[in-house]
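The values are calculated or read from the model by the stated rules, or taken from the named source; none is laboratory data. Nothing here was measured: the structure is a model prediction, and the numbers come from that model. Don't worry about glycine lacking a Cβ; one is built from the backbone with ideal geometry, like all the others, and counts go over all protein chains shown. All accessible areas refer to the heavy atoms of the entire protein, side chains included, with ligands and DNA or RNA removed. Shrake-Rupley method; radii C 1.70, N 1.55, O 1.52, S 1.80 Å.
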Amino acid sequence: MSVHYDIKDIGLAPSGEQKIAWVRDHMPLLRGLEERYADLPRERKPFDGVKISLSIHMEAKTAYLCRVLTWAGAAVSAMGCNVLSTQDDVAAALAAGRTKGQDAKDHGGRAAPGIGVFAIRGESEASYSRHVEMCLAHRPDIVIDDGGDLVGMLHTKRPDLAEEVRGGCEETTTGVIRLKAMEAAGLLKFPMVAVNDARCKHLFDNRYGTGQSVWDSILRNTNLIVASKTVVVAGYGWCGRGIAMRAAALGASVIVTEIDAVKAMEARMDGFAVTTMSGAAPFGDIFISATGCKDVITLEHMALMRDGAILGNAGHFNVEVDVRSLAARAAERYQAKPNIETFVLPGGKRINILAEGRLLNIAAADGHPAEIMDMSFAVQFYSALYVKEHYAELGRGVADVSKEIDDIVSQARLAAWGIEIDALTPEQQTYLNSWEL
Ligand code: NAI
C-alpha cells in the first residue's frame, strides 16, 4: 500500500533517520515501550486496530513517539503544529519508514512502516490548513494535539469526523485552556486528557525543558553573552519560572512582569525584580514572553526600549509580541542573521525579533532536551492508552491524567537514573491518615 504524505523531499530521510536514532538513545521510557510492544504479535499490541492522528512539532523526539505508537499497533498520521518547527528531514524519515536491518546499530535494526506525514517547514497558512484536513482524512479514533488545531478543525469544519473520535490528549497549556473554554461552552464532542497538567509533564517540560531550550535557542542564534545583561521575562508560570531561573544562572539580572499578584510575589521572593512591561521596557536587553496571552509586548513598549533590544516568544502562539504592528511601523527591516530579523523604527531605533515571534526554542532550535520529552511523551502514550480503554466513561469534558500514570512515569524515570526512594511503612501510612495524636 502506498503511503500518502505531503512533505518537502522524501530524499532527506537519511538525515532525519540519524536524528531519530540519536534521540532514541536518550529516551529510555519510550525505548522501554518500544521494546515491550514492538515484537508482540499484532493482536497483543495495545493499539491494534486504533487510528491515531497527531499534531506535533515535527522533529526527532515527536517522530520517535509516532514510531513507538506504530510499534504498539496504532495506525498513525501526523502533521506539524507550527510551520517553523517542522524539520523536513525528520518528516521525510517518518514518511519513508525504515526497513529491517537498515543501520542495524540504530533501532536495533527494527523496521518501522512509513506513516502519513503532512508538514513542510515554512508552509503558508493555506497549506497548513490543508494539512490539518489531510491528517484528519485518516479518520482517527484518537487525536493527540499540541495547541488545539486538530480539535479545532474537528469541531468547526469536520464535525462529521468528530463523531467518530473516541477522545484524545492535549500537550500544552494553551491547548488545555482552549479545551476548557470549549467544555464550559458545552461544545466539546469527546473527552480530552490534559496531558499538560500531569505532574510529570509541566513540572519538568514547561519548567526545565523550556528553561533550557529557550536559552539554547538565544545563545545559538545570537552568539552573545548573557552575563551582564538584563533579561525581562513576561509571565511567571511554569515556563517563565524556568526561563528566569536559567537566565539568572547565566549571570543576567532578571525582571519579571505578571498580571497575577501571587505569581508576582513568588517571583519577588525567588529574587527577581518585578514591575510592569512599561516599567521594564527601558531596562531590558533581552525580552522573552511566556504567558499564553496576546499583546504582551506591544509597539508602545518597544518605543520605550533600548536600541538593539532582542525580543523572543516562548508561548505557544505568535501573538505575544506584536510583530505585525512593529512591521507596519518600521521604516526598514532586514535579516540580521538566520532567525533574527531587525526592524528599524523611524528615528533609527533597532528592535531585533527572534524566530518571527514564534516559540523560539522550537522554531529556531531543536526544542526541549530528549530526556525531558521522554517523560512528556510517556505520559502521552499512557494517556492515549487510557482514552482507548476508558473513553466511554470519560464523558465530553477535559480529564486529568490519573495519578497512576504520573507514578508509572516517575518511577520509570527514577529507575533509568538508578535512583531508589523510600516507601511509607504501614505505621507511617496510618499516621499520615489519622487525625488523633
Ligand atoms: P502558566 O499558566 O503556568 O503561566 C502563564 C503565566 O503568564 C501566568 O502566571 C499568568 O498569570 C501570566 N500572564 C498571563 N497573561 C499575562 C500578561 N499579559 N502579562 C504578564 N503575565 C501574564 O503557563 P505555562 O505552562 O508557563 O505556559 C505558558 C505558554 O507557553 C503557553 O502558551 C504554553 O502553551 C507555552 N508552552 C511553551 C513551551 C515551549 O516549548 N516554548 C512548552 C510548554 C508550554
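When every Cα-Cα distance of the chain is counted in 10 angstrom steps from zero, the calculated P(r) takes the values 5, 21, 29, 25, 15, 5, 1, 0 percent.
Here each label is just a point 7 Å from Cα along the line to Cβ, and for residue 328 and residue 283 those points are 3.1 nm apart. Relative to the dominant Cα principal axis of the chain, helix 60-71 is inclined by about 20°. Roughly speaking, what is the centre-to-centre gap between region 253-324 and region 1-53 when only Cα atoms are used, to the nearest Å? Comparing the Cα centres of region 253-324 and region 1-53, I get a distance of 39 Å. Between helix 13-24 and the chain there is an angle of about 90 degrees, using the helix long axis and the longest principal axis of the Cα atoms.
Can you give me the % of accessible surface on the chain that is carbon or sulfur? Probe 1.4 Å, all protein chains present, nothing else counted. Percent of accessible area from carbon and sulfur atoms in the chain: 53.
For the peptides 61-72, 346-357, residues were scored by their other Cβ atoms within 10 Å and the scores averaged per peptide; the highest-first order is 61-72, 346-357.
Reducing region 94-158 and region 403-437 to their Cα centroids gives an inter-centroid distance of 38 Å. Compute the angle between helix 370-394 and the longest alpha-carbon principal axis of the chain, please, reported from 0 to 90 degrees and rounded to the nearest 10. Compared with the principal axis, the helix lies near 60 degrees. Counting only DSSP H runs of at least 4 residues, each contributing -39500 (n - 2.57), and dividing by the residue count of the chain, the helix-based mean residue ellipticity at 222 nm comes to -12500 deg cm²/dmol. Summing Cβ point charges (Lys, Arg +1; Asp, Glu -1) relative to the Cα centre of the chain gives a dipole of roughly 840 debye. Highest mean packing first, where packing is the average number of other Cβ atoms within 10 Å per residue, the peptides 323-334, 48-59 line up as 48-59, 323-334. If r is the Cβ-Cβ distance from residue 224 to residue 126 and R0 is 35 Å, what FRET efficiency results, to the nearest 0.05? It comes out at approximately 0.45. Legend: residues 403, 105, 229, sorted from most to least accessible area (1.4 Å probe; ligands, DNA and RNA excluded), read 105, 403, 229. The modelled label-to-label distance between residue 42 and residue 100, using points 7 Å beyond Cα along the C-beta direction, is 1.5 nm. Work from the charge dipole of the chain (Cβ charges, +1 for Lys and Arg, -1 for Asp and Glu, about the Cα centre) and give the residue of 169, 273, 79 farthest towards its positive end. Working it through, the farthest residue towards the positive pole turns out to be 79.
Dividing the mean sequence gap of close Cα pairs (under 8 Å, 6+ apart) by how many residues the chain holds gives a relative contact order of 16 percent.
Taking amide hydrogens as placed 1.01 Å from N in the peptide plane, the amide H of residue 54 sits under 5 Å from those of 77, 78, 79, 144, each at least 5 positions away in sequence or on another chain. Quick check on my link table: of 8/189; 189/388; 51/403; 61/189; 201/388; 180/294, which ones sit more than 24 Å apart, alpha carbon to alpha carbon? Correct reply: 8/189; 51/403; 61/189.
Computed from the C-beta positions of residue 155 and residue 344, the FRET efficiency with R₀ = 35 Å rounds to 0.25. Comparing 304, 365, 331 along the charge dipole axis of the chain, the residue lying farthest to the positive side is 331, per the Cβ-charge model.
Cα centroids of region 221-240 and region 173-189: 31 Å apart.
Assign one of three labels to region 17-83, namely rounded, prolate or oblate, based on the Cα gyration tensor with a ≥ b ≥ c the square roots of its eigenvalues; rounded applies when a/c is under 1.5, prolate when it is not and a/b is larger than b/c, and oblate otherwise.
Because a/c hits 1.5 or more and a/b fails to exceed b/c, region 17-83 counts as oblate.
A Gaussian network model of the chain, with springs between Cα atoms under 10 Å, assigns the largest mean-square fluctuation among 183, 17, 125 to 125.
Here r is the Cβ-Cβ distance between residue 139 and residue 181 and R0 is 30 Å; the resulting FRET efficiency, rounded to 0.05, is 0.70. Peptides 220-227, 302-309 ranked from most to least packed give 302-309, 220-227, packing being the mean of other C-beta atoms within 10 angstrom over each peptide's residues.
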